[in-house]
Structures are given as C-alpha cells and as structure tokens.
Amino acid sequence: MSAVPRLDATLAALADPQRRRVVTLLSERPLPAGALAAAVGVSAPAMSRHLRTLRLTGLVEERHDGFDARVRVYSLRSEPMAELKRWLEEMEALWSRQLLALKAHIETRKSGR
C-alpha cells in the first residue's frame, strides 16, 4: 500500500472517537480486547469491529496471551502514526511558508504607501 492510501486509511480509522480512545489506551500499554471494551464502554462485538478496523489499517497488532490462547492482547504499531506525524509536519511547514509569504506581502504593501 502506498503512503497516500495508508494515510487515508489511518485518518479514516482515527475519525471514530472510540477508536481514538483505544489508540490512547494502547499508547500506555498493550491490553486485551476485553479490557479495551470495558474501558471504552462498548460491547465485545463492537470492540471486535473497532479492533478489526485498527488492525486492517495497521494501527494495532494482536498477539495471543501465553496463558490462554483465546485471549488476544493488542498493542500499538508505530509506523502508521509516524507517517501521520510526517504528513502533519509537512502541512505545518506548508502553512508556515504561506503565512510568512503573506506577512512579507503585507509588509511590502505597507512600506510602499
């Protein structure tokens, strides 16, 4: 998947407030799906759908607990967030250049009067 569709998928996944809450919780430590559902306040099937979306977009990964193979523990993957951060930095640089150009234009017009 190229960078633009990956970024689109990341932003679409993060558009949902419950999925953003999951990402926030997982930024602290890996958690099982049941703990995530309880913390977010959604049913197990709803959490399963959210985790599937996050997994398909590459934001989270799952592993099985060593004690119980039925328990899936989820953790955050850094790559999609790093891509998002790079894009945001590029946009910030673009807007900074635009604002500096506007400032220069306004100052030029002021000094020309």
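On the basis of being surrounded by 10 or more Cβ atoms within 10 Å (Cβ to Cβ), touching a residue at least 12 places away in the same chain (Cβ under 8 Å), out of contact with any Leu (no Cβ under 9 Å at 6 or more places or on another chain) and not polar (S, T, N, Q), does Val60 make the cut?
Spelling it out, it is not the case that Val60 is surrounded by 10 or more Cβ atoms within 10 Å (Cβ to Cβ), touching a residue at least 12 places away in the same chain (Cβ under 8 Å), out of contact with any Leu (no Cβ under 9 Å at 6 or more places or on another chain) and not polar (S, T, N, Q).
Okay, residues lined up against (1) under 24 Å from Ala3 (Cβ atoms); (2) surrounded by fewer than 14 Cβ atoms within 10 Å (Cβ to Cβ); (3) out of contact with any helix residue (DSSP H, G or I) (no Cβ under 9 Å at 6 or more places or on another chain):
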position: Pro30; (1), (2), (3): no, no, yes
position: Ala33; (1), (2), (3): no, no, no
position: Arg52; (1), (2), (3): yes, yes, yes
position: Gly66; (1), (2), (3): no, yes, yes
position: Ala69; (1), (2), (3): no, yes, yes
position: Val73; (1), (2), (3): no, no, no
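What number of residues in region 41-50 are hydrophobic (A, V, I, L, M, F, W, C) and surrounded by 18 or more Cβ atoms within 10 Å (Cβ to Cβ)?
Counting residues in region 41-50 that are hydrophobic (A, V, I, L, M, F, W, C) and surrounded by 18 or more Cβ atoms within 10 Å (Cβ to Cβ) gives 1.
Can you tell me which residue in region 83-113 is modelled with the lowest pLDDT, limited to those that are hydroxyl-bearing (Ser, Thr, Tyr) and surrounded by fewer than 10 Cβ atoms within 10 Å (Cβ to Cβ)?
Only one residue fits best here, namely Ser111.
Is there any pair with a first residue in region 14-32 that is touching a residue at least 12 places away in the same chain (Cβ under 8 Å) and a second that is small (Gly, Ala, Ser) and crowded, with 17+ Cβ neighbours inside 10 Å whose Cβ atoms are under 9 Å apart and which are 6 or more apart or on different chains, and what are they?
Arg19/Ala13; Val23/Ala13
So Gln98 clears everything in (1) under 20 Å from Arg20 (Cβ atoms); (2) out of contact with any Phe, Trp or Tyr (no Cβ under 6 Å at 6 or more places or on another chain) except one condition, right? Which one?
All conditions pass for Gln98, except number (1).
Read through the list (1) part of a strand (DSSP E or B); (2) out of contact with any Asp or Glu (no Cβ under 7 Å at 6 or more places or on another chain), then give the number of the only condition that Trp95 fails.
Just one mismatch for Trp95, condition (1).
Considering region 1-13 alone, what residues qualify as being among the hydroxyl-bearing types (Ser, Thr, Tyr) and in a helix (DSSP H, G or I)?
Listed by number, the list holds a single entry, Thr10.
The values are calculated or read from the model by the stated rules, or taken from the named source; none is laboratory data. These figures come from a predicted structure and were not determined experimentally. Don't worry about glycine lacking a Cβ; one is built from the backbone with ideal geometry, like all the others, and counts go over all protein chains shown.
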